[in-house]
1. Filter the trypsin sites (Lys or Arg not before Pro) in the chain to those in DSSP coil with at most 16 other Cβ atoms within 10 Å of their Cβ, and list the result.
2. Round to the nearest 10 and give me the degree value, 0 to 90, for the angle of helix 32-46's Cα axis relative to the longest principal axis of the chain.
3. Starting from the alpha-carbon convex hull of the stretch 27-72, give the projected area averaged over all orientations, in nm².
Amino acid sequence: REEAGAMMRRLDDGSNTKDGQPGNMYRHLGRKEERAENLKLFKKWIGEDAWSMKKTAEYTEEDLRRIKAKQE
């Protein structure tokens with residue numbers, strides 16, 4: 001929970017940000033044509049309705065319940 005949203009902010013393609021800039025790790029999702037598919041895979045793992053650019057302090061308990069990825 002300490003880092004909730006960090007991975008999503010870094011991998012986002014920019015469609016969820018005010019300035020439209022992708023996260024600093026988006027380019028590592030593959031070649032241009034692979035990126036969209038690989039991002040979809042991450043969103044499926046996290047949960048489509050859980051993908052959020054919020055910072056940890058902004059998350060509600062409901063937001064955290066939406067995350068499908070297993071916490072360890």
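1. 1, 18, 31, 54, 55, 68, 70
2. 10
3. On the way: hull surface 15.7 nm².
Across all orientations, the stretch 27-72 yields a mean hull projection of 3.9 nm².
Coordinate-derived values only; no laboratory data. It should be emphasised that the depicted structure is a prediction, and the values quoted were computed from it without experimental measurement. So basically every Cβ, Gly included, is an ideal-geometry build from the backbone, and we count neighbours across all protein chains shown.
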